[in-house]
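The values are calculated or read from the model by the stated rules, or taken from the named source; none is laboratory data. Small disclaimer: the values here were computed from a predicted structure and weren't measured. Cβ placement follows ideal geometry from the backbone for every residue including glycine, while neighbour counts extend to all protein chains displayed.
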Amino acid sequence: MLRQLLVRLHPEGIPWPAAILYNRVSRTFIFQDHYRLVTEDIASRCPQGSLLDVGTGPAWLLKMIHRRWPDVRLTGVDVSAAMVAQARRNMARAGLADAVTIGVASAESLPFAEGSFDTVISTGSVHHWKDAARGLQEVHRVLRPGGLALLYDLVTDLPPEVAKALVRKYGRFRAALLWLHTFEEPFRTVEDFASLAHAAPFGAGQVRFVGAFCCLELAKVK
């Protein structure tokens with residue numbers, strides 16, 4: 001009930017001027033370290049061809065992915081026009097304006113043809129989606145047969161071993177801030193996050209933890 005209320009009240013995209021603040025906060029160590037962890041996790045799944053980042057935010061993750069795989073065609077979308085403008089500035093300053101394409105779009109209505117991407121990712125965005133089932137239908141549609149979706153998000157019930165690892169790595173204060181963050185945004189439990197696969201054409205998926213993120217991995221059957 002509380003989560004449903006938060007979904008209705010919480011904005012799907014980050015508006016101006018909050019987009020400017022988020023861009024600055026996302027440069028901090030804990031954010032950048034998680035972008036690195038996610039990049040390494042994607043590396044273990046051997047991305048190739050083309051990759052779409054849904055809810056790309058400031059696009060720092062795409063910047064890291066480009067450094068790792070400069071030959072992968074990278075596209076990012078975000079529902080917030082203010083955040084897209086910020087992301088484009090970030091990529092221009094990094095000399096990647098021609099290497100990374102970023103546009104305004106919601107997860108529930110992706111402006112791409114069926115089978116456009118080899119990999120679709122989303123980091124810290126799924127809990128913002130107003131209609132997650134519709135968003136996953138769109139992710140499935142734009143994936144090529146045999147493609148992979150990797151969805152990373154915070155959850156409300158971190159396993160004890162994951163929570164302890166976060167404290168050891170980031171300290172009690174930073175770990176506590178992550179935990180408190182789960183009370184103000186409509187995050188899911190691990191079980192609820194995993195169950196999203198059954199409400200979409202994927203039908204099944206698997207979850208694991210990458211730092212503080214719970215990752216839902218979904219494959220589009222050939």
Test: ILE42 is modelled with pLDDT under 90 and of a type in the set (Val, Ile, Thr)
no
Is there a residue in segment 181-202 that is in contact with a strand residue (DSSP E or B) (Cβ under 8 Å, 6 or more places away or on another chain), assigned to a strand (DSSP E or B) and on the phi > 0 side of the Ramachandran plot?
no
Does LEU96 satisfy the condition of being touching a His at 6+ places or on another chain (Cβ under 7 Å) and either in contact (Cβ under 8 Å) with a residue 12 or more places away in the chain or part of a strand (DSSP E or B) (or both)?
yes
Going through segment 76-107 one residue at a time, which ones are more than 17 Å from GLY124 (Cβ to Cβ) and surrounded by 23 or more Cβ atoms within 10 Å (Cβ to Cβ)?
MET91, VAL100
When segment 61-93 is examined, which residues are found to be of a type outside the set (A, V, I, L, M), in contact with a Leu (Cβ under 9 Å, 6 or more places away or on another chain) and not in a helix (DSSP H, G or I)?
TRP69, ARG73, THR75, GLY76
Boolean, ALA113 is part of a helix (DSSP H, G or I) and modelled with pLDDT of 95 or more:
no
For segment 11-60, give me each residue that is within 20 Å of GLY211 (Cβ to Cβ), part of a loop (DSSP other than H, G, I, E, B) and β-branched (Val, Ile, Thr).
THR28, THR56
